[in-house]
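The values are calculated or read from the model by the stated rules, or taken from the named source; none is laboratory data. Treat the numbers as computed from the prediction; the structure is a model and nothing was measured. Cβ placement follows ideal geometry from the backbone for every residue including glycine, while neighbour counts extend to all protein chains displayed. Accessible surface areas use protein heavy atoms only, side chains included; no ligands, DNA or RNA. Shrake-Rupley method; radii C 1.70, N 1.55, O 1.52, S 1.80 Å.
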Amino acid sequence: LSIMGFSKISLPLPLPEVAGEWGLSTLFLRIKDSGLIILLKLLLLERSVLVVGETSEEVTACTTALLELLDPYKWASAFMPLLPRDMLDFVSSPVPFIAGMIVEGKQ
């Protein structure tokens, strides 16, 4: 069956999560194998992780990918994909967190 000259498009369900796959691939490109193992260990021990990057897209993708690394477990503590600069004091809190922050230029 074609509609106005276009053929029918069918997609199998469930649809792939492109955002999640892009985030995981970004994370894998930025952090090497041994670093990923240490990062996963920190997350499973409910330690705080601060992701620092130069663009909001990169930081947000990597922080959300960290949540996907924990699957089937769920992160039960604070999660802030982008932490504003004026909330930097939160990093010293005793509560475990996953947060991301943007820096201007390499320092």
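Here are a few things to note about the model shown:
- Tabulated pairs, region 32-46, first without any contact (Cβ under 8 Å) to a residue 60 or more places away in the chain, second assigned to a helix (DSSP H, G or I) and not aromatic (Phe, Trp, Tyr), C-beta under 6 angstrom, 6+ apart or interchain: LEU40/LEU69
- Filtered by the rule that a residue be open to solvent by 40 Å² or more (accessible area, probe 1.4 Å) and more than 18 Å from GLY53 (Cβ to Cβ), region 78-95 gives ASP86, ASP89, SER92, PRO94, VAL95.
- Within region 41-50, the set of residues being touching a strand residue (DSSP E or B) at 6+ places or on another chain (Cβ under 7 Å), open to solvent by 40 Å² or more (accessible area, probe 1.4 Å) and not in a helix (DSSP H, G or I) comprises SER48, LEU50.
- Qualifying positions in region 77-87 - out of contact with any Ser or Thr (no Cβ under 9 Å at 6 or more places or on another chain) and either modelled with pLDDT under 90 or part of a loop (DSSP other than H, G, I, E, B) (or both): LEU83, PRO84, ARG85
- On inspection, LYS74 qualifies as open to solvent by 100 Å² or more (accessible area, probe 1.4 Å), assigned to a loop (DSSP other than H, G, I, E, B) and either among the basic types (Lys, Arg) or at pLDDT 90 or above (or both).
- ALA65 being part of a strand (DSSP E or B) and either touching a Phe, Trp or Tyr at 6+ places or on another chain (Cβ under 7 Å) or surrounded by 10 or more Cβ atoms within 10 Å (Cβ to Cβ) (or both): no
- Residue list for region 22-68, filter: among the acidic types (Asp, Glu), over 19 Å from ALA78 (Cβ atoms) and under 11 Å from the mean Cα position of the chain (by Cα): GLU57, GLU58
- Pick from region 51-62, criterion open to solvent by 70 Å² or more (accessible area, probe 1.4 Å) and outside any helix (DSSP H, G or I), ranking: farthest from ALA99 (Cα to Cα): GLU54
- Restricting SER48, SER93 to those that are among the polar types (S, T, N, Q) and farther than 20 Å from PHE28 by Cα reduces the list to SER93.
- Within the set ILE102, ILE98, ILE38, the sole residue that is β-branched (Val, Ile, Thr), modelled with pLDDT of 90 or more and surrounded by fewer than 16 Cβ atoms within 10 Å (Cβ to Cβ) turns out to be ILE38.
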